Structure formats: structure tokens, C-alpha cells
Amino acid sequence: FTNHPTQPMSLPPDIREQLPSNLRDKNVYLEKMPDELLDETWERFRAAVEPLRAAGKLGAVFFQFPPWFLPSSRSLAYVEQVQERMFGLQIAVEFRKPEWLDARHRDGTLAFLRSRDIPYVAVDVPEGHHTSMPSVHDVTSSKLAVVRFHGRNHDTWDLKGVPPNVRFRYDYSDTELTEWVPRIKEMERSASRVHALMNNNYSNYSVKNAQQLQRLLEASHS
């Protein structure tokens with residue numbers, strides 16, 4: 001649903017069997033998926049997250065769009081379609097193409113998300129790479145703001161083919177996390193809730209850093 005390639009074996013068996021023969025032995029992209037199968041896959045995805053929603057455990061359904069998802073009217077129309085497909089559920093959006101927030105596109109991107117009450121997912125990443133998203137933590141939904149910590153591992157950020165636990169292997173220091181305390185407090189003034197997500201999924205780094213950030217935020221409110 002985010003334009004990332006999908007391996008046919010990861011699809012439900014009955015969906016996989018209905019794929020055209022030329023799609024069964026290679027990665028499937030959204031635009032190649034037959035409409036009726038795409039509709040069915042969306043319905044099953046909604047059904048899969050419904051128990052979380054019913055139990056009050058679903059904060060938002062997170063859509064991270066890849067670097068080849070470029071800023072354009074067509075892309076914005078697809079984000080609208082995603083929101084419509086997930087009607088009744090909160091979504092949040094992260095872009096991985098820096099141009100979404102360059103001087104030409106930033107205002108339009110944020111205005112679009114605000115007009116649809118879709119949270120923009122702010123990110124903490126290694127700065128200075130051509131793939132690094134700008135440091136923007138604007139709130140685009142009064143309901144929810146989100147910040148996602150990817151680590152600051154400069155050595156692995158742009159490496160191709162490395163597993164996620166290597167690319168995102170980074171243990172934040174208190175000093176680095178403290179940088180986000182005033183930003184998160186600023187976000188709290190514009191959104192009912194703020195979610196901070198740790199994506200530095202190596203060893204226990206994400207859990208440890210989440211606890212550090214929680215402690216720092218609690219100390220700032222005391």
C-alpha cells in the first residue's frame with residue numbers, strides 16, 4: 001500500500017493464486033495489482049487491525065512512503081485514497097524523499113496534510129546525506145503528532161542491501177535525546193497526543209532509548 005515491492009509469498013495464498021501468472025515469481029508493485037485483488041487486500045488489512053482498534057490499542061496506522069514516491073499531484077491523490085481506504089481509522093504519513101520538504105514543496109506538503117488532518121511523521125536521522133529528510137517537526141493534525149527516531153548511524157545510512165538491524169544500529173545518548181524534549185513539548189501544544197517511536201531496532205536500543213526519552217520528558221514537566 002506504500003509503493004514498496006511485495007514478495008508474492010507474503011500475500012495470502014488465495015490472493016497469490018489469483019495473481020496473473022507474470023506476477024507470481026517476482027516482486028509485486030501496487031500499480032501492477034489487479035483492482036479487484038487490491039480491493040480485497042485492503043479489506044483484509046482493515047480487518048487485521050480492527051481488533052487493535054476495538055481494544056483501544058491502535059494509535060494510528062502508519063504509512064511510510066519510499067524515496068521513489070515523489071512529490072506530485074498524483075502522489076497527493078494517492079495519500080487521499082489511502083485515507084479514504086482507512087476511513088474511520090487514524091493514519092499517519094512519513095515521506096522518505098527529501099524533496100517533499102524542500103523550499104519548493106514544503107508549504108504545500110504541510111498544507112495538504114493539515115487540510116486532511118493527517119499527522120506528518122517527523123524524523124530523527126543522520127543529517128547531511130542526500131537521502132536525509134529535513135528536520136521538520138510541524139504538527140499537521142490536532143489529534144496526533146508523531147516523531148520517529150531512526151538513529152544517527154552515518155556509516156550505514158546509505159548502504160544498500162544491509163539488514164534493518166544493521167542500518168539502524170544506534171544507541172542515543174541523553175544529550176541527543178534531550179534535543180527533542182523542547183520540540184516534543186512544542187508539539188504537545190498543538191496536538192492532543194504525541195507519539196515517539198524508536199526505529200533503532202538493534203539489541204535493546206529502542207526500548208532503552210524510549211525509557212531514556214520518557215525520563216527526560218517527565219523531568220522537564222516536573
Matching residues in region 128-182 - criterion: being under 17 Å from Leu197 (Cα atoms), basic (Lys, Arg) and free of Cβ contacts under 8 Å to residues at least 40 places away in the same chain: Arg152, Arg167, Arg169
Looking at (1) modelled with pLDDT under 95; (2) outside any helix (DSSP H, G or I), which is the one condition that is false for Leu70? (1)
Being among the β-branched types (Val, Ile, Thr), within 29 Å of Lys97 (Cβ to Cβ) and modelled with pLDDT under 95: is that true of Val194 here? no
Only residues that are under 25 Å from the mean Cα position of the chain (by Cα) and surrounded by fewer than 10 Cβ atoms within 10 Å (Cβ to Cβ): list them for region 11-42, please. Glu31, Asp35
What's the number of the condition Asn201 fails, among (1) of a type in the set (S, T, N, Q); (2) at pLDDT 95 or above; (3) not in a helix (DSSP H, G or I)? (2)
Just a yes or no: is a residue in region 78-87 free of Cβ contacts under 8 Å to residues at least 12 places away in the same chain and among the aliphatic types (A, V, I, L, M)? no
Does Leu144 meet the test of being modelled with pLDDT of 95 or more and either crowded, with 16+ Cβ neighbours inside 10 Å or at positive phi (or both)? yes
(1) in contact (Cβ under 8 Å) with a residue 60 or more places away in the chain; (2) on the phi > 0 side of the Ramachandran plot all hold for Pro66 apart from (2)
Considering every residue within region 128-147, establish whether at least one is within 23 Å of Ser190 (Cβ to Cβ), part of a helix (DSSP H, G or I), assigned by TED's automatic domain parsing to the domain that holds Ser173 and out of contact with any helix residue (DSSP H, G or I) (no Cβ under 9 Å at 6 or more places or on another chain). no
Of these, Ala48, Ala77, which one is outside the structural domain of Asp138 (by TED's automatic domain parsing), part of a helix (DSSP H, G or I) and surrounded by fewer than 12 Cβ atoms within 10 Å (Cβ to Cβ)? Ala48
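The values are calculated or read from the model by the stated rules, or taken from the named source; none is laboratory data. Just so you know, these numbers come straight off a predicted model, no measurement behind them. Reconstructed Cβ throughout: ideal geometry from the backbone, glycine too, with neighbour counts over all protein chains shown.
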